[in-house]
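Following: one structure in structure tokens, then a few remarks.
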Amino acid sequence: MGTVWFWLVAVMITEKVLLDGFDLGAGAIHLLVARTDAERREVLASIGPVWDGNEVWLLAAGGTLYFAFPPLYASAFSGFYLPLMIVLWLLILRGISIEFRNHVHSLVWDPLWDFLFCASSFLLAIFYSAALGNVVRGVPLDASGYFFEPLWTNFRLGAETGILDWYTILVGVLGLAALVMHGSLWVKMKTDGAVNKRAGGIASTAFWMVAALTAVVTLLSFRVQPQIARNLAKWPVGYLFPALAVVGMIGVKVFLARQHERNAFLSSCAYLSGMLTSVVFGVYPMVLPARDRTYSLTVDSAQAGAYGLKVGLAWWTIGMLLATGYSVFVYRSFAGKVKLDAYEHGHGD
Amino acid sequence: MSPALDVHRLHFAFTITFHYIFPQLTMGLALLLVYLKTKALRTGDDHYNKAARFWAKIFGINFAAGVVTGIPMEFQFGTNWAEFSKSAGGVIGQTLAMEGVFSFFLESSFLGLFLFGERKLGRLGHWCAAFLVFAGSWLSGYLIVATNAWMQRPVAYSLGPQGEILLSGFWALLLNKWALWQYAHTMIGAVQTGCFAMAAVGAFYLLTKCNQVYGRTFVKAGVLVGVIASLLQLFPTGDMQGKMMAEYQQPGLAAMEGLFQSRENAPIVILGQPDVEKRRLDNPLEVPGMLSFLTYRKWSAHVKGLDSFPEDLWPDRIPLLYYSYHVMVGLGTIFIAVQVLATLLYWRKKLYDSRWMLWILMLCAPLPFIANTAGWVTAEIGRQPWLIYGLMRTAHGASPRVGAGNAWFTLIGFMGLYTVLAMLWCFLIGREIHLGPDLAAPQQILPAPAAAD
């Protein structure tokens, strides 16, 4: 049962990255891809009706993690105390930047929120990815099942690690590049004209960075986390996950060149899914690897009671079907290229 | 006890208090928006649609503030209260995850459609969107209250081999008796916040003689829904809440009422200052026998005072508990008086011309926020010294590795950020009220600012 939930949480986190990822990426390139006020409103309109729902995946995944693996929730959240709090502050700034910007139009109001939206999205992309890097690398858990990491120590992979070291920073940069690619493909798909063209340019540049960094980080990860190689040897079917990422990357390149905007975006989704599932597969059965392997939290040691997991599966399935239904409905309602007029006067005055 | 404990408590208290300013207005307004949209649908009068659009804008600003301050709440269970999460996560994680899965998806999906899709959805579709936003926000309220209710009165659990708390009954958790009454009491409190806000804006328009058509609609909705809510707040919901305290949290009840000595014919204290060292109430102004009657329906009934319980079962902040309870009850009484009076004036068709009543309605707007906050402080401090009543003490629930220095760092960060957020919220909502519901024919309240649109 624990393994089932392990994969369900992984699916939710992947979903969160695919959806919230494109609005984060759009934010990170906001100042670059859109120059005039009208263009910037176009970018915001492309994510306006959906970003909040995308962020719900974070809460839903967090909640699911909480009841399925309580000891993991307790030790990871208190151990990653500082970066999580910084993530929360960034989420607050980002949320109000998107929601409050369009209530007032002035030469001091708009640029302020544009800047904050861009900066907070940029930093969030790095912090989320660095957190993932921390999980792959392992954290300084001890016999109590707890740890606490400062933001940084000496940037090395010793016993006293910080959140940021050379490996996690590298993963952070890869994550940023990947979300920039993902976000610019979204913006390209949802816009016309100058923004569309610039987004295409950013996506092509980001593609090469993502490709190069993916190769480097993958090689390093095999050394940092030996479990990955062991799992691949044990279950060769696991090669499918990295293969999905590779196919995704090829797809992005091919479809971008042929101007198939939707397929390019979907390929980017495939790449991100492939990368995330590779990580999840690579650390299994650990849910939080420790620097000293004996203290790692595993699926067995961290799962909640059997009854709770069983009853959870029933309502979770119903809830996810409903949620998927709403999402499809909303995305279809706002399908197609953004039309600024319709967005701003949606009330039909 | 770790020196960081008080900082963790303050951290949660500050962030939850600030957060709850927004959802109570969201949940209250969600109901009133359904009321306005229903009116629009049934009468075909576009005036109600414009009124709904105006409140939808305020709702949107408020909702955003609620979302961004709400995310830290779920995180904090893990970050600051790790021992609690580790033990109880298998139970309360259920209701918290259900909130995300069942209500947040519903709410966020249809809020986008409600705010941006009126033209696309058509009249009936837009009403449905409003209703689903309402349903989502009220469902979310239930799941959060059910989480809190389990901490107030733990049910449906067993203890695992390492002392972890395991869920043993899904429906028993959801249908906790405490949750049902606490939910009714909480939601009616939220409706009061929404009603007083709507009535206050209406009164403001009538007093300043602009947007008067809307002013009348708002005052009417706020008063007619509000009077029902103010009465239900007292009876049966408030009454039942008190009875459950009497049944399950007796030391908390005694401390709330400032009852240091057990006695028969116990009085209710209207005013007076508790002196915990000397175990007495200074300058008491009391109604004799009332507490006995309210609790046990018998004037002479014996009510247990704090002296009946060992001191390590007393709530650890007795004056704060006593005052927050009295502020809540005092304000609740004032709300009943104001709403009943306003309803009488409405019935006599004098409400819209009674400037003194409109002044009162306008100035009452902040009070329900205070009453709801005081109510939650009563619930949370009344539960002390327990984090989960009878199962886990607050002193044992915090994160063992997060020191006071780090907790202060993030608390100060939240204080700064929330100050900015509060200023923005006031500015944007004030601005919407100032612009008014009728954008096609804007009316002058004060000289219009040059920057506005």
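Values quoted throughout were computed directly from the atomic coordinates according to the rules given, and no laboratory measurement underlies them. Not measured: the values here are computed from a predicted model. Reconstructed Cβ throughout: ideal geometry from the backbone, glycine too, with neighbour counts over all protein chains shown.
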Taking every pair of Cα atoms in the stretch A:49-198, average 1/r, invert it to obtain the Kirkwood radius, and report Rg/Rh to two decimals.
1.03
Would you grab the residues whose amide H sits under 5 Å from the one on residue A:287? Only those 5+ places off in sequence or on another chain, please, with H modelled 1.01 Å from N.
A:297, A:298, A:299
To the nearest 10 degrees, the tilt of helix B:367-383 (Cα long axis) against the first principal axis of the alpha carbons of chain B is 20 degrees
Fewest Cβ neighbours within 10 Å first, please rank B:59, B:196 accordingly.
B:59, B:196
Highest-fluctuation residue, A:95, A:319, A:145 considered, GNM on chain A with Cα pairs under 10 Å
A:319
The Rg/Rh figure for chain A, Cα atoms and Kirkwood Rh, to two decimals is 0.97
On alpha carbon coordinates alone, what is the Rg over Rh value for the stretch B:99-192, Rh being the Kirkwood radius?
1.14
If only Cα atoms are counted, what is the Rg of the stretch A:1-113, and what is its Dmax, in Å?
17.0, 56
When B:55, B:138 are ranked with the fewest other C-beta atoms within 10 Å first, the list becomes B:138, B:55
Residue order, fewest to most surrounding Cβ atoms within 10 angstrom, among B:230, A:278:
A:278, B:230
Where does chain B land at 222 nm, in deg cm²/dmol rounded to the nearest 500, when only DSSP H runs of n ≥ 4 count, each adding -39500 (n - 2.57), divided by all residues?
-23500 deg cm²/dmol
Compute the distribution of all C-alpha to C-alpha distances in the stretch B:122-174, in bins of 10 Å from 0, and list the percent of pairs in each, rounded to whole numbers.
22, 32, 21, 16, 8, 2
If each Cα of the stretch A:264-310 is one equal point scatterer, what is log10 of I(q)/I(0) from the Debye formula at q = 0.20, 0.25 Å⁻¹?
-0.75, -0.86
Pair-distance profile P(r), taking every C-alpha pair of the stretch B:196-335, with 5 angstrom steps and integer %
2, 10, 15, 18, 15, 10, 7, 7, 7, 5, 3, 1, 0
Okay, helix-only estimate at 222 nm for chain A: each DSSP H run of n ≥ 4 adds -39500 (n - 2.57), divide by all residues, round to 500 deg cm²/dmol; what do you get?
-25500 deg cm²/dmol
Check each of the trypsin sites (Lys or Arg not before Pro) in the stretch B:222-282 and keep only those in coil by DSSP with at most 11 other C-beta atoms within 10 angstrom; list them in order.
B:278
Given the options A:287, A:328, A:17, state which has the largest fluctuation in a GNM of chain A using a 10 Å cut-off (strictly under) for Cα springs.
A:328
For the stretch B:218-267, Kirkwood radius (reciprocal of mean inverse C-alpha pair distance, Å):
13.0 Å
Can you work out D for the protein assembly as shown in µm² s⁻¹ from Stokes-Einstein, where Rh is the Kirkwood radius over C-alpha pairs, the temperature is 37 °C and the viscosity is 0.692 mPa s?
117 µm²/s
Between the helical axis of A:109-137 and the dominant principal axis of chain A, each derived from Cα atoms, what acute angle in degrees is found, rounded to the nearest 10?
20 degrees
From the Cα trace of the stretch B:77-235, what convex hull volume per residue do you get, rounded to a whole Å³?
154 Å³
Alpha-carbon spread of chain B, three principal axes, descending order, Å
66, 48, 41
In a GNM of chain A with a 10 Å cut-off on Cα contacts, which of A:104, A:338, A:33 has the highest mean-square fluctuation?
A:104
Considering only the protein assembly as shown, percent of DSSP beta bridges that pair antiparallel, nearest 5
90 percent
How high is the FRET efficiency between residue A:166 and residue B:124 when r is their beta carbon distance and R₀ equals 51 Å, given to the nearest 0.05?
0.30
Taking each residue in B:55-62, count the Cβ atoms of any other chain within 10 Å of its Cβ, then average. What number comes out?
1
Would you be so kind as to identify which of B:173, A:334, B:122 lies farthest towards the positive end of the dipole of the protein assembly as shown, taking Lys and Arg as +1 and Asp and Glu as -1 on Cβ and the Cα centre as origin?
B:122
